[in-house]
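Working notes for the structure below.
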Amino acid sequence: MLSDQETLVCVQGAWNGWKRAEVRLRDLEHVHWLQPSGAPRQMLHAYVSCMNLLSGDIPHECTEASGPHRLLVCVIKQHNTAAVYAEVASRATQTVRVAEWTRTGTQASTWA
């Protein structure tokens, strides 16, 4: 498990997009699995403020009057190191476990 919250994560605005940005691991919020329309499988997604994009660009309409925005981003396995991807994936799994615990009040034997 990575303990350095300054670790950089490569993200995209869409699973099949080509524009990328880097954000800090600590800036990823509500990490979860999602299968977007047309995607072959579920992929890691999270939310990040457009103010936290360190490099690159995630296309969106942003003006001083309308921003900052909470962007849905996709974390692609091939664009990150194995350790970074594993850490982000573990955060999504933890989110599923907490949601299941909250919903049922009991610990589930399997986690989807």
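Just to be sure before I move on: is residue 109 surrounded by fewer than 16 Cβ atoms within 10 Å (Cβ to Cβ) and either at pLDDT 85 or above or assigned to a strand (DSSP E or B) (or both) in the structure I sent?
Judged against the criteria, residue 109 is not a match.
Of the conditions (1) surrounded by 15 or more Cβ atoms within 10 Å (Cβ to Cβ); (2) under 10 Å from the mean Cα position of the chain (by Cα); (3) not aromatic (Phe, Trp, Tyr), residue 14 satisfies every one except a single condition; which number is it?
(2)
Output the number of the condition that residue 71 fails; it satisfies all remaining conditions of (1) modelled with pLDDT under 95; (2) part of a helix (DSSP H, G or I).
With (1) modelled with pLDDT under 95; (2) part of a helix (DSSP H, G or I) applied to residue 71, the lone miss is (2).
The values are calculated or read from the model by the stated rules, or taken from the named source; none is laboratory data. This is a predicted model, so every value here is computed, not measured. Cβ sites come from the backbone with ideal geometry, for glycine too, and all protein chains shown count toward neighbours.
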